[in-house]
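Heads up: the structure comes next, in structure tokens.
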Amino acid sequence: MGTAGREQFIAVQKNGDGDLTAFKTSSGRVLGYDEALQEVKAGAIAGVNVFKGRDGGMYIRGDADGDPSNNLDQLPRFE
């Protein structure tokens with residue numbers, strides 16, 4: 001499935017430890033981490049994927065494209 005018609009993450013919220021806690025999509029929706037995880041798993045969000053961490057948890061990360069400027073940590077923050 002291509003990126004056409006799929007939303008992208010355009011901004012993030014982080015907690016005090018710098019962990020991502022919420023995402024804003026290109027259509028303006030705000031998703032908590034667990035909700036965003038489910039949408040990424042379903043293929044509804046472009047440019048990101050889900051991986052299993054060393055701790056066994058499932059996490060969202062940007063697709064590897066060699067461009068660090070579009071990593072999730074580099075997205076603008078929103079309130």
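Miscellaneous remarks
- Take every DSSP beta bridge whose two residues both sit in the chain; close to 85 percent of them are antiparallel.
- The radius of gyration of the Cα set in the chain, together with its Dmax, comes out at 12.0, 36 angstrom.
- Here the range 1-41 exposes an accessible surface that is 44 percent carbon and sulfur, computed with a 1.4 Å probe and the other protein chains kept in place.
- Remark: the chain carries 64 Å² of accessible area per residue (probe radius 1.4 Å; ligands, DNA and RNA excluded).
- In this calculation the C-beta distance from residue 77 to residue 27 is compared with R0 = 22 Å, giving a FRET efficiency of 0.75.
- Set of lysines with alpha-carbon distance to residue 52 below 22 Å, sequence-local pairs under 8 removed: 14, 41
- Longest stretch of the chain clear of exposed loop sites (trypsin sites (Lys or Arg not before Pro), DSSP loop, at most 12 other Cβ atoms within 10 Å, sites excluded): 1-28.
The values are calculated or read from the model by the stated rules, or taken from the named source; none is laboratory data. None of these values were measured; they are calculated from a predicted model. Here Cβ is always computed from backbone atoms with ideal geometry, including for glycine, and neighbour counts include all displayed protein chains. Calculation scope for accessible area: heavy atoms of the full protein, side chains included, ligands and nucleic acids excluded. Shrake-Rupley method; radii C 1.70, N 1.55, O 1.52, S 1.80 Å.
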